[in-house]
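Novice: One structure follows; several queries about it will come next.
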Amino acid sequence: MTATLFIEWTTLISLVLLAVALLVSLVRIVIGPSLSDRVLALDLLAVVAMGFVGAIAVRTGLWLYLDIAIALALLGFLATVALARYVLLRGARQSPAQEEGR
Amino acid sequence: MLEGLELYLGGTLLVLGAAFTLLATIGVVRLPDLYTRMHAASKAGAVGGGLILLAVAVLSQDAAVSVRAIIGVMFVLLTTPVSAHLLARASYLTGYRPCNDTVIDDIAQSNE
Amino acid sequence: MNTVFLVVILALVWAGISGSFSGLNLLLGGVVGGVAVLVLREAFASPRALRRIRRIISLAALFLYELVVSAVRVAIVVMRPNLSSAVRPAIIAVPLTVKSDAEITLLANMITLTPGTLSVDVAADKSVLYVHALDMADKDAMIADIANGFEKKIQEVFE
């Protein structure tokens, strides 16, 4: 197997794994049950999306995507900090009220 | 041959990172309560994301891109524990109790 | 001799971040680095600073090793078919000997990224750090582990 072919396959495998990861973390966002669980899953989702963009950067060879990945990581962090403040102010509700969780 | 070696190393790092990220999400779905889930999200998630950025740094073969990717790795390693800690603290203070399997809870004891 | 070395390193970092290794850019990085070293001369030149840098590197190496171990352990736990037998969560009060905010922050961050532990809260008087453990076997052993590992090294760095 040549090195280029190896890269092609590994990026493909990584993209598939990350796509599954996106779906799995979506499960936790949907089923909750509390707001904190959803915020945690959202934080992880941002990391997965960052990895996805990184894998795309490798696959396409467009390294500009790296800046997008780093910006996404920054955004995920800020969002989690803001949402943690929100959790603190509002109080986590343990009830599985799906409508309220949004 | 040397360039080829770089490519193999980068590809392996990429797949490892993706696998860790996937395991982190599986952990977030399977583990019993918020605090145990946070273990999966903060550790496996940070390592997964960090490994992918490291793979970008190895594969890009361009100093500017590599340095930015490594700064990105440091950023991820610095921010993930901070956000996990903030969320854990906010959740505990607003009354999210750990699950019933929890053996010891020193915070609850100190508040009594 | 040391300052020249530092200026060269700073020039290379400058060139790396700005993305061009041309002669002019390296020169510019060297000038900026030279000014920075001139301003901060006192802080860098002493042998104490060098010892401190070595300790920072040793702390970073320990941290990276523990980080990899912790990720692998969490991954193994997650893949267990019967999950409830593998996890024994607990929240433990770990007494702090480090006092300043910076040290506590560093310690809390490192605890979060090391095997089986996650910092949850700091007591209001900064005397106790509450740590969540994923799989608690021996409370005293865990506290001793944190105190003798990271806490000691952090103290050495900040002394």
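The values are calculated or read from the model by the stated rules, or taken from the named source; none is laboratory data. The structure presented is a predicted model; accordingly, all values stated were derived computationally and were not measured. Note that we place each Cβ from the backbone using ideal geometry, even for glycine, and neighbour counts take in every protein chain shown. SASA here: full protein model, heavy atoms, side chains in, ligands and nucleic acids out. Shrake-Rupley method; radii C 1.70, N 1.55, O 1.52, S 1.80 Å.
Novice: What does the charge add up to near B:L86, with Lys and Arg as +1, Asp and Glu as -1, over the other residues with Cβ less than 11 Å from its Cβ?
Specialist: On the way: positive: A:R85, B:R89; negative: A:D43, C:D121.
Net of charged neighbours comes to 0.
Novice: With every protein chain present, what is the per residue accessible area of chain C (1.4 Å probe, Å²)? It would help to have the intermediate numbers written out before the result.
Specialist: Values: 8740 Å² over 159 residues.
Heavy-atom accessible area per residue stands at 55 Å².
Novice: Given H placed on each backbone N at 1.01 Å, which residues far from C:T117 in sequence or on other chains put an amide H within less than 5 Å of it?
Specialist: Result for C:T117 returns C:L134.
Novice: Separate question: What size of dipole, in debye to the nearest 20, comes out for chain C about its Cα centre when the only charges are +1 on Lys and Arg C-beta atoms and -1 on Asp and Glu C-beta atoms?
Specialist: On the way: 14 positive and 13 negative charges, 80 e Å.
Using Cβ point charges on Lys, Arg, Asp and Glu, chain C gives about 380 debye.
Novice: While we're on this one: Rank C:L28, B:L51, B:V73 by how far each Cα sits towards the positive end of the charge dipole of the protein assembly as shown (+1 on Lys, Arg Cβ; -1 on Asp, Glu Cβ) and give me just the farthest.
Specialist: So the residue furthest toward the plus end is C:L28.
Novice: Among DSSP beta bridges lying fully in the range C:49-158, give the percent that are antiparallel, nearest 5.
Specialist: Working: 11 of 12 bridges.
Of those bridges, close to 90 percent are antiparallel.
Novice: Run the helix sum for chain A: -39,500 (n - 2.57) per DSSP H stretch of 4+ residues, divided by residue count, reported at 222 nm to the nearest 500 deg cm²/dmol.
Specialist: On the way: 3 runs with 81 residues, N = 102.
It lands at -28500 deg cm²/dmol.
Novice: I've got another one for you. Run the helix sum for chain C: -39,500 (n - 2.57) per DSSP H stretch of 4+ residues, divided by residue count, reported at 222 nm to the nearest 500 deg cm²/dmol. Write down the numbers at each step before the final one.
Specialist: Numbers: 8 runs with 103 residues, N = 159.
-20500 deg cm²/dmol, from helical runs alone.
Novice: Also, I was wondering about something else. I want to verify the translational diffusion coefficient of chain C in µm²/s; compute it with Stokes-Einstein, Rh as the Kirkwood radius over Cα pairs, at 10 °C and 1.306 mPa s.
Specialist: D, rounded to a whole number, is 85 µm²/s.
Novice: Compute the distance from the alpha-carbon center of the range C:88-159 to that of the range A:39-89, in whole Å.
Specialist: 28 Å
Novice: On average, how many beta carbons from a partner chain sit within 10 Å of the beta carbon of a residue in C:5-16? Present the calculation step by step, with values, prior to reporting the outcome.
Specialist: On the way: counts 0, 0, 0, 0, 0, 0, 0, 1, 1, 0, 3, 7.
Counting Cβ atoms of other protein chains within 10 Å of each residue's Cβ and averaging gives 1.
Novice: Once you have all Cα-Cα distances for the protein assembly as shown, histogram them in 20 Å bins from zero and send the whole-percent values.
Specialist: Whole-percent P(r) values from 0 Å outward: 27, 54, 19, 0.
Novice: Still on this structure, please answer the following. Other chains' Cβ within 10 Å of A:33-46 residues: what's the mean?
Specialist: On the way: counts 1, 6, 4, 11, 8, 0, 6, 14, 5, 0, 10, 15, 4, 3.
Partner-chain Cβ atoms within 10 Å, mean over residues of A:33-46: 6.
Novice: Hey, another quick one. Using the basic label-point model (7 angstrom from Cα toward the beta carbon), what is the C:D101 to C:A61 distance in nanometres?
Specialist: 3.3 nm
Novice: If the cut-off is 19 Å between C-alpha atoms, which lysines fall inside it for C:K99, apart from same-chain ones fewer than 8 positions away?
Specialist: Hits, sequence-local ones excluded: C:K126, C:K152, C:K153.
Novice: Counting only residues 5 or more places away or on other chains, whose amide H sits under 5 Å from the amide H of B:D33 once H atoms are built in the peptide plane?
Specialist: Those qualifying (amide H under 5 Å, at least 5 residues apart or on another chain) number zero.
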